[in-house]
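As structure tokens, the structure follows; a few thoughts come after it.
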Amino acid sequence: MHRRTLVALASAAVTAATLSAPAFAQTGEIRIAHVYSKTGPLEAYGKQTQTGLMMGLSYATGGSMTVNGKKLVVIEKDDQGKPDLGKSLLATAYSDDKADIAVGPTASGVALAMLPVAEEYKKILLVEPAVADSITGDKWNKYIFRTGRNSSQDAISNAVAVDKEGVTIATLAQDNAFGRDGVKAFKDSVKKAKLAHEEYLPAATTDFTAGAQRLIDKLKDQPGRKIIWVVWAGAGNPFKIADMDLKRYGIEISTGGNILPAMAAYKNFPGMEGATYYYFGIPKNPVNEALVAAHYKEFKTPPDFFTAGGFSSAMALVTALKATGGDTNTNKLIKTMEGMSFDTPKGKMTFRKEDHQAMQSMYHFKIKVDPAFAWGVPELVREIKPEEMNVPIRNKR
């Protein structure tokens, strides 16, 4: 397809029909429920995922929004970041709205509440972008697939950037499933550096002073290189801890990628290293080119972290549905998707047969400050390929 066509298709995606009220399912339809944080603490992430999902469905279907003559209908549900609400909305989507398949949610706590619902209704839940390892780990069931990266993929790739002899690391994370799973996976991945302290703060923390002081006290007298590794999502700016004169103690900060507004804080840390799931300027492939061009055309801005994730989930769905000839039979879809490879803005992903986690590249970066950008620019140090990451299988299948 020519680039111009791609742009036209993908920009059409944003106006593609979405439904929020229950409607009678037509036989010529494939009904996809998208349960996500349209509002709530992770609203920014949810909205990006929705944009990416619609652009991806349009791109993957050549602008037709159909597979094998069946119309793709997307039903939006706002879980507000609340586990109980997400659980009931998913049940409603499967029963009343006759959804064939569901995508979402944004928050790990909501995802964990939703997993048993997919099992109860025997319908696929494609998790994007909730990250906690337990989703494809001990809380997993066979109806769960995930295109989003998991905590282990984040952790292993970030360990590549900072796990070196003579380094002492303390972690700062939110006291929730995302934060605790992230730190656990990071600790499991660190083989050479020494881990000195784990600091957990409430998810809505705005004053980081007390936590930062505890981190400084644990690190300041350590020999060699000292790093605070931050894993944080949503509101609050944990990078404020740098205001406490970390340089005086020779303490550095390291973290993974994030949405562009959050990466404005990275401008204060030129040279900072970490690993990211996605940054629009890094992957070089036709799918990413199409996404970037379409997003600039529609919004005059580049696609963000979670836009790419939504797009990837759409690519997975359409690849599977094309393979089944538009048949939404759950067992047929599971058989098709296990071990299935599909193209995404990050290149090829593959659903691992054992736990349905998408194996994917991550990107080791170093932050560069460029006055042309409002955020710290993650320059690629190297792509960390799926086969380089020994991502544990934790579901005891």
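The values are calculated or read from the model by the stated rules, or taken from the named source; none is laboratory data. Since we're looking at a predicted model, the values are computed, not measured. All Cβ positions, glycine included, derive from the backbone under ideal geometry; neighbour counts span all protein chains shown. The protein model used for the area step is the full one, side chains on, heavy atoms only, and it has no ligands, DNA or RNA in it. Shrake-Rupley method; radii C 1.70, N 1.55, O 1.52, S 1.80 Å.
Quick look at the values:
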{"read-out": "For Y363: the one exception among (1) open to solvent by 60 Å² or more (accessible area, probe 1.4 Å); (2) more than 18 Å from F145 (Cβ to Cβ)", "value": "(1)"}
{"read-out": "Some residue of segment 303-325 being more than 16 Å from the chain's Cα centre (by Cα) and closer than 30 Å to G271 by Cα", "value": "no"}
{"read-out": "Elements of type helices (runs of 4 or more DSSP H) contained in segment 52-170, each with 1 or more residues being open to solvent by less than 10 Å² (accessible area, probe 1.4 Å), within 21 Å of G40 (Cβ to Cβ) and among the acidic types (D, E)", "value": "none"}
{"read-out": "Any hit, segment 210-223, residues being over 18 Å from A374 (Cβ atoms), within 30 Å of the chain's Cα centre (by Cα), modelled with pLDDT under 90 and surrounded by fewer than 18 Cβ atoms within 10 Å (Cβ to Cβ)", "value": "no"}
{"read-out": "Residue match in segment 380-395 (condition: open to solvent by 20 Å² or more (accessible area, probe 1.4 Å), without any contact (Cβ under 8 Å) to a residue 40 or more places away in the chain, touching an Asp or Glu at 6+ places or on another chain (Cβ under 9 Å) and not aromatic (F, W, Y))", "value": "no"}
{"read-out": "Of all residues making up segment 4-47, the number that are in a helix (DSSP H, G or I), over 26 Å from K98 (Cβ atoms), modelled with pLDDT of 50 or more and open to solvent by 30 Å² or more (accessible area, probe 1.4 Å)", "value": "2"}
{"read-out": "Check on G281, within 24 Å of A358 (Cα to Cα), open to solvent by 10 Å² or more (accessible area, probe 1.4 Å) and part of a loop (DSSP other than H, G, I, E, B)", "value": "yes"}
{"read-out": "A275 vs. criteria farther than 27 Å from A33 by Cβ and either crowded, with 20+ Cβ neighbours inside 10 Å or in contact with an Asp or Glu (Cβ under 8 Å, 6 or more places away or on another chain) (or both)", "value": "yes"}
{"read-out": "Selection count, segment 247-272, where residues are open to solvent by 40 Å² or more (accessible area, probe 1.4 Å) and either among the hydroxyl-bearing types (S, T, Y) or touching an Asp or Glu at 6+ places or on another chain (Cβ under 6 Å) (or both)", "value": "1"}
{"read-out": "Filter result for D175 (at pLDDT 95 or above and more than 12 Å from G256 (Cβ to Cβ))", "value": "yes"}
{"read-out": "For A204: the one exception among (1) of a type outside the set (S, T, Y); (2) open to solvent by 10 Å² or more (accessible area, probe 1.4 Å); (3) within 27 Å of S58 (Cα to Cα)", "value": "(3)"}
{"read-out": "Residue that is nearest to E388 (Cα to Cα), among those in segment 314-332 that are touching a helix residue (DSSP H, G or I) at 6+ places or on another chain (Cβ under 6 Å) and in contact (Cβ under 8 Å) with a residue 60 or more places away in the chain", "value": "M315"}
{"read-out": "Residue in segment 194-205 that is in contact (Cβ under 8 Å) with a residue 60 or more places away in the chain, touching an Asp or Glu at 6+ places or on another chain (Cβ under 9 Å) and under 20 Å from K240 (Cβ atoms) present", "value": "yes"}
